[in-house]
Amino acid sequence: MEMNQDILIRKRINGRKFYSRLKKEIIQVYGCICQCCGESNPTLLTIDHINGGGDKHRKEVGSHVLYPWLKKNGYPKDNFQLLCWNCNCTKGHFGCCPHDPDFEIKNTISKTNDAFRKRKNKIEVIDHYGGKCFNCGINNILFLTIHHINNDGAQHRREMKIRDIYQWVKRNNFPEDMFQILCYNCNCSKSILFKNTDINRSKTLVWGGTDESAYRDSRIAR
Ligand SMILES: [Zn+2]
Ligand SMILES: [Zn+2]
Ligand SMILES: [Zn+2]
């Protein structure tokens, strides 16, 4: 039993080392900065499918093999670029990033009543929990999302069959010590940091641990 656990951990560590080396290489090849806002912290950068179709492409090549696929195909530049998570996630949600000067025009935000209601819930919940990213302080609501402090969001949603987390939080009177607001950059890098730490710690590690301070220091140093 102990043995298996050891092998499993070693395998995971080797896999992560391979992946993080490859990611470093990819970030280098694609120019080291977010092509939208210029963010250069490598932890916050990800590959964007310039003309969309990311989901379809990931389905074709597999979600975990995009980086190896890029390498194998000689790092194509026609449809791939670096974006930070903030720019990438908002592009995914709204079709373009709020940094785009035509963002408002391109986005008739309340397209349907349902979308508008969801948005209203989100604004209320984000305001309740402080209205800005807990880690970096960004306060543009378009970049903000709710985060399960213990990183058990997926499990929570599954167990409680939650479709709309903002509605759930409202209905449950804004539980304390369970959520915080993060921007997509901090949210995504936090889950990456979780993956890069000892798997046994990943359940209990809370925002404020050593990995996080190292990350914050790297941001301050920039
Ligand atoms: Zn960006
Ligand atoms: Zn942007
Ligand atoms: Zn942030």
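Derivation of every value follows stated rules applied to the coordinates shown; laboratory data play no part. These numbers were taken from a predicted model, which means no experiment stands behind them. Cβ sites come from the backbone with ideal geometry, for glycine too, and all protein chains shown count toward neighbours.
Computed from point charges on the beta carbon alone (+1 for Lys and Arg, -1 for Asp and Glu), the dipole magnitude for segment 1-94 about its Cα centre is near 280 Debye.
When only the Cβ of Lys, Arg, Asp and Glu is charged (+1, +1, -1, -1), the dipole of segment 42-105 relative to its Cα centre reaches about 420 debye. You can think of it this way: the chain between Lys59 and Ser40 has 4.0 nm of extra reach, that is 0.36 nm per residue less the Cα-Cα gap.
Cross-link check: pairs Lys77/Lys118; Lys72/Lys132; Lys17/Lys161; Lys24/Lys59 evaluated at a Cα-Cα cut-off of 31 Å; pairs beyond the cut-off: Lys77/Lys118; Lys72/Lys132; Lys17/Lys161.
Relative contact order for segment 86-178 using alpha-carbon pairs under 8 Å, separation at least 6, rounded to a whole percent?
Relative contact order comes out at 24 percent.
Computed from backbone phi, the HN-Hα couplings of segment 81-86 come to 8, 8, 9, 7, 4, 4 Hz, rounded to whole numbers (Karplus: 6.51 cos²θ - 1.76 cosθ + 1.60, θ = phi - 60°; Gly and Pro given as x). Whole-Hz Karplus values for segment 149-159 come out as 3, 8, 6, 10, x, 4, 4, 4, 4, 5, 5 Hz, taken residue by residue from phi with 6.51 cos²θ - 1.76 cosθ + 1.60 and θ = phi - 60°; glycine and proline positions read x.
Taking a sphere under 11 Å around the Cβ of Ile149 and counting the other residues whose Cβ falls inside, with K and R at +1 and D and E at -1, yields a net charge of -2. Comparing Phe18, Tyr75, Asn4 along the charge dipole axis of segment 1-94, the residue lying farthest to the positive side is Asn4, per the Cβ-charge model. Neighbours of Cys87 by Cβ distance under 13 Å: Lys/Arg scored +1, Asp/Glu scored -1, total -2.
Mind checking the full-extension length gain between Asn172 and Lys71? Use 0.36 nm per residue of separation minus the Cα-Cα distance, one decimal, nm. If you can, show how the numbers build up before the last one.
Working: separation 101, 0.36 × 101 = 36.36 nm, distance 4.67 nm.
That works out to 31.7 nm of additional length.
Between amide H atoms placed 1.01 Å from N, distances below 5 Å from Gln81 occur with Asp48, Ile50, all of them 5 or more places distant or on a separate chain.
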